[in-house]
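Student: Sharing a structure with you now.
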Amino acid sequence: MATEPLDPAATAAPPTGPGLTRRRLLAGSAALGGAAWLLRGVLTPEEAAADTGVPALATPPGFPAGIELSRQSYENWAGEIHADQLWTCTPHTPQDVVTLANWAHAQGWRLRAQGHRHTWSPLTVADGTPASTQVVLVDTTANLTAISPAGTADAPAVRAQAGADMETLLADLAGRGLGVTHCPAPGDVTLGGVLAIGGHGTAVPAAGESAPPGHGYGSVSNLVTELTAVVWDDTAGQYVLRTFDRSEPDTAAFLVHLGRSFITEAVLRAGADQNLRCLSRVDVPASQLFAAPGATGGQGLADFMEQSGRVEAIWFAFTEFPWLKVWSLSPQQPFTSRAVGEPYNYPFSDSIPTPVATLAGELASGSWALAPTFGQLQFLIAAIGLTGDLTDVLLSGTLLQDLLTLDVVTHLLAGGLHSDLWGPSRTLLQYVRPTTLRMTANGYAVLARRSDVQWVVNQVTTGYQTLLGEYQARGQFPVNGAVEIRVTGLEDPTTCGVPGAQPPLLSAISARPDHPEWDTAVWFDVLTLPGTPGLHQFGRDLEQLLLATFDGTRAALRVEWSKGWAYTADATWADPDVLGRVIPDSYRAGTGPGWDTAVATLNRYDPGRVFGNPFLDQLLR
């Protein structure tokens, strides 16, 4: 696989598309915009009425006293979903949420739980939601953040409210000598948000490994032993708090609910913490790491998975060598490893170097044909940053043309470039800060046999590379980020230790009873800057290819709820066939309860659809 030329002038820049501006494209990037996420104005009702620059809107009628209410702008992770001046409140207690639900039901309004907004899909609100919409965002991060020990000495657990972020939650566990097998890489995601979409990391058992008590290889939702939700009570004729044990059949619909419920707190099973070693490599070419089964020479992604159980590949567009991370259980610190005591140990990706910010700005200004150069620059920054060499120089503003002429890659690869870290699990499982470069992403999970992981990886990467080449041949560059690949197990309810535990019905990795041989999920996403011309058509082409490849015969495809899917030629989350048939059918296939059971349960506990939005009304029919 040849590497593209590094000359920024090698290709001509296409014109900027209609309505695209550098400000609009990069507004969500903390690296280029300077904020973790942008809150464009917070106004109390009185200020909103007095500010002549804000349209006058009546305060929601009869809004409960004692719960702070203001108008705030909403913007998600990549800045693709933006809504100006929506009513937003900050409840102090779970009972406040009950009060809000009963108020909303009586007044015909809707509530949307809001965390740190580290999401892509419109499960909270849609882009451009008018300020006049009868919806109130419910900020869980201000007060609903309590964390406390739970469980027993033999079955330890943690009780956490919905607004607690995962960084704080894992730190609390670590303080008691506890941890989890895997989790989402960002720390700025709330427990409520993670449970809503079935958040995950990357892990399967290595060859010969078995999970110790409290550990498992499914999603974070699969660790829940009980949860408390705001639900409609027919007898009382109002919304109430109700705690569901994991063994109750109805619990299965709440474990991954897509925002169609409001979970106020949950108890999660945990296990004794495990020290990990994380080895980063950039010396295995994609042609080998993603090769067809039997052609990897022992260097395929599945080969590393068998050895360690925990792998991630980040393959920057138009480059030859992916960034491969391999985690392994390591009770004692290896001699060659560097011990770490806190998360976020890749500073070169946390604080965007000036050359990356500069070139990203050029792309967003219309020079989209610089995508090959941008991909190689991202790889080069990672390759150098992993060694610790030249990082200070890069962060201080080395000129782009000077950086791209540095003859360092061949030298570093010849030296067996790697980064070798060791520490408690949370220090190596969480590695994405809010200050990283903000990109949009699609996301899918492929359910397959463990023995077919390399075949799945080869099919995905070959299809992606073929499409990318076809677009490039037409002078189009819809991808300027990376392909990311992770591998997990499927949901196994026994992990939580509750007898008769129910599976998360709407989890992307819920097992297929008709295919017990499918025991593994391969996750992948493709990242690109928001507003990149052709990204929607490319997303559609790739999605249709994947649906045809993983059609349920040898493997099956499901969408990753928090990412992009249901592409049309010019929009995401918009294809009526994918929304109305493909996604529901991916949960109806097989035997036992699935899509229809989950939707009916969520409707029964929220008949007024207080916890919903128009997009969810369309999806969860």
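The values are calculated or read from the model by the stated rules, or taken from the named source; none is laboratory data. Everything numeric in this text was worked out from a predicted model, so none of it was measured. Note that each Cβ is placed from the backbone with ideal geometry, even for glycine, and that neighbours are counted across all protein chains shown. Heavy atoms of the whole protein, side chains included, go into the accessibility calculation; ligands, DNA and RNA do not. Shrake-Rupley method; radii C 1.70, N 1.55, O 1.52, S 1.80 Å.
Student: May I ask you to verify whether Ala441 is closer than 30 Å to Gly199 by Cα, among the aliphatic types (A, V, I, L, M) and modelled with pLDDT of 90 or more?
Tutor: yes
Student: Would you point out the residue of region 161-183, among those that are free of Cβ contacts under 8 Å to residues at least 40 places away in the same chain and surrounded by fewer than 22 Cβ atoms within 10 Å (Cβ to Cβ), that is nearest to Val230 (Cα to Cα)?
Tutor: Thr168
Student: Pairs, please: C-beta under 7 Å, at least 6 apart or cross-chain, first residue modelled with pLDDT of 95 or more and in region 102-113, second part of a helix (DSSP H, G or I) and not basic (Lys, Arg)?
Tutor: Filtered contacts from region 102-113: Arg110/Ala104; Leu111/Leu100; Leu111/Ala101; Leu111/Ala104; Ala113/Gly192.
Student: Being polar (S, T, N, Q), out of contact with any helix residue (DSSP H, G or I) (no Cβ under 8 Å at 6 or more places or on another chain) and surrounded by fewer than 21 Cβ atoms within 10 Å (Cβ to Cβ) is true for just one of Ser148, Ser219. Which residue is that? Even if it seems obvious, please write down each step before you answer.
Tutor: Working: Ser219 fails: surrounded by fewer than 21 Cβ atoms within 10 Å (Cβ to Cβ).
The unique qualifying residue is Ser148.
Student: How do the pairs read when you match residues in region 436-450 that are free of Cβ contacts under 8 Å to residues at least 24 places away in the same chain with residues anywhere that are open to solvent by 10 Å² or more (accessible area, probe 1.4 Å) and not aliphatic (A, V, I, L, M), using Cβ under 7 Å and keeping only pairs 6 or more apart or on different chains?
Tutor: none
Student: Within region 320-334, identify whether any single residue is in a loop (DSSP other than H, G, I, E, B) and touching a Gly at 6+ places or on another chain (Cβ under 6 Å), and answer yes or no.
Tutor: no
Student: Would you be able to say whether some residue in region 308-319 is within 21 Å of Pro424 (Cα to Cα) and assigned to a helix (DSSP H, G or I)?
Tutor: At the first step, the residues of region 308-319 found to be within 21 Å of Pro424 (Cα to Cα) are 308-312.
Of the ones still in play, those that are also assigned to a helix (DSSP H, G or I) are 308.
Yes: region 308-319 contains one or more residues that are within 21 Å of Pro424 (Cα to Cα) and assigned to a helix (DSSP H, G or I).
Student: Could you list all residues from region 261-274 that are crowded, with 21+ Cβ neighbours inside 10 Å and assigned to a loop (DSSP other than H, G, I, E, B)? Full working, then the answer.
Tutor: Residues of region 261-274 crowded, with 21+ Cβ neighbours inside 10 Å: 261-271.
Within region 261-274, Ser261, Phe262, Ala270 meet the criteria.
Conditions tested, residue by residue: (1) out of contact with any Pro (no Cβ under 6 Å at 6 or more places or on another chain); (2) within 24 Å of His257 (Cβ to Cβ).
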site: Phe538; (1), (2): no, no
site: Asp541; (1), (2): yes, no
site: Ala548; (1), (2): yes, no
site: Arg558; (1), (2): yes, yes
site: Gly564; (1), (2): yes, yes
site: Thr568; (1), (2): yes, no
site: Ala589; (1), (2): yes, yes
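Student: Determine which single condition Pro593 fails, assuming it passes every other condition in (1) modelled with pLDDT of 95 or more; (2) in contact with a helix residue (DSSP H, G or I) (Cβ under 8 Å, 6 or more places away or on another chain).
Tutor: Failing condition for Pro593: (1).
Student: List the number of the failed condition for Val479; all other conditions in (1) closer than 30 Å to Thr387 by Cα; (2) touching a Ser or Thr at 6+ places or on another chain (Cβ under 6 Å); (3) surrounded by fewer than 23 Cβ atoms within 10 Å (Cβ to Cβ) hold.
Tutor: (3)
Student: While we're here: How about region 515-619: which helices (runs of 4 or more DSSP H) wholly inside it have at least 3 residues that are touching a residue at least 40 places away in the same chain (Cβ under 8 Å) and open to solvent by less than 10 Å² (accessible area, probe 1.4 Å)?
Tutor: Once the helices (runs of 4 or more DSSP H) in region 515-619 are filtered for at least 3 residues that are touching a residue at least 40 places away in the same chain (Cβ under 8 Å) and open to solvent by less than 10 Å² (accessible area, probe 1.4 Å), what remains is 535-549, 595-605.
Student: Would it be correct to say that Gly79 is out of contact with any strand residue (DSSP E or B) (no Cβ under 7 Å at 6 or more places or on another chain) and closer than 27 Å to Pro434 by Cβ?
Tutor: yes
Student: Looking only at region 269-284, decide whether some residue is over 30 Å from Asp154 (Cα atoms), of a type in the set (Val, Ile, Thr) and within 24 Å of the chain's Cα centre (by Cα). Spell out how you get there, then give the answer.
Tutor: Applying the first criterion (over 30 Å from Asp154 (Cα atoms)) to region 269-284 yields 279-284.
In the following step, the residues that additionally are of a type in the set (Val, Ile, Thr) were identified as 282, 284.
Now restrict to residues that are within 24 Å of the chain's Cα centre (by Cα): 282.
Yes: one or more hits.
Student: Here's another thing I want to ask about it. From the set of residues in region 205-240 that are assigned to a strand (DSSP E or B) and among the hydrophobic types (A, V, I, L, M, F, W, C), which is nearest to Met305 (Cα to Cα)?
Tutor: Checking each candidate, the answer is Val224.
Student: Can you find a residue that is hydroxyl-bearing (Ser, Thr, Tyr), in a loop (DSSP other than H, G, I, E, B) and without any contact (Cβ under 8 Å) to a residue 24 or more places away in the chain anywhere in region 137-154?
Tutor: yes
Student: Hey, another quick one. Could you please tell me which pairs satisfy a Cβ distance under 6 Å, a separation of 6+ or placement on different chains, a first residue in region 466-480 that is within 15 Å of Leu535 (Cβ to Cβ), and a second residue that is open to solvent by 30 Å² or more (accessible area, probe 1.4 Å)?
Tutor: Leu467/Asp541; Gln476/Gly534; Pro478/Gly534
Student: Out of Thr336, Thr358, which single residue is open to solvent by 30 Å² or more (accessible area, probe 1.4 Å) and touching a strand residue (DSSP E or B) at 6+ places or on another chain (Cβ under 7 Å)?
Tutor: Details: Thr358 fails: touching a strand residue (DSSP E or B) at 6+ places or on another chain (Cβ under 7 Å).
It is Thr336.
Student: Considering only residues that are part of a loop (DSSP other than H, G, I, E, B) and either aliphatic (A, V, I, L, M) or under 11 Å from the mean Cα position of the chain (by Cα) (or both), which ones fall in region 189-204?
Tutor: Val189, Gly198, Gly199, His200, Gly201, Val204
Student: Follow-up. Under the condition of being aliphatic (A, V, I, L, M) and within 24 Å of the chain's Cα centre (by Cα), which residue from region 350-362 is farthest from Ile384 (Cα to Cα)?
Tutor: Within region 350-362, the first condition is being aliphatic (A, V, I, L, M), and the residues that meet it are 352, 356-357, 359-360.
Checking the rest, the ones that are also within 24 Å of the chain's Cα centre (by Cα) come to 352, 356-357, 360.
Numbers: Ile352: 13, Val356: 13, Ala357: 17, Ala360: 19 Å.
Once the filter is applied, the top-ranked residue is Ala360.
Student: While we're looking at this one, here's another question. Residue by residue through region 279-296, note down the ones that are out of contact with any helix residue (DSSP H, G or I) (no Cβ under 6 Å at 6 or more places or on another chain) and of a type outside the set (S, T, N, Q).
Tutor: Passing the criteria: Leu279, Arg281, Val284, Pro285, Ala286, Ala291, Gly294, Ala295.
Student: Can you name the residue in region 275-307 that is among the aliphatic types (A, V, I, L, M) and part of a strand (DSSP E or B) and is also surrounded by the most Cβ atoms within 10 Å (Cβ to Cβ) among such residues?
Tutor: Step one: of region 275-307, the residues among the aliphatic types (A, V, I, L, M) are 276, 279, 282, 284, 286, 289, 291-292, 295, 301-302, 305.
Those still in the list that are part of a strand (DSSP E or B) too: 276, 279.
Values: Leu276: 24, Leu279: 19.
Selected residue: Leu276.
Student: What is the residue count in region 231-248 for residues that are open to solvent by less than 40 Å² (accessible area, probe 1.4 Å), farther than 19 Å from Leu111 by Cα and touching a residue at least 24 places away in the same chain (Cβ under 8 Å)?
Tutor: 1
Student: Residues of region 111-142 being open to solvent by 20 Å² or more (accessible area, probe 1.4 Å) and over 24 Å from Lys563 (Cβ atoms), which ones?
Tutor: Pro130, Ala131, Ser132, Thr133, Gln134, Ala142
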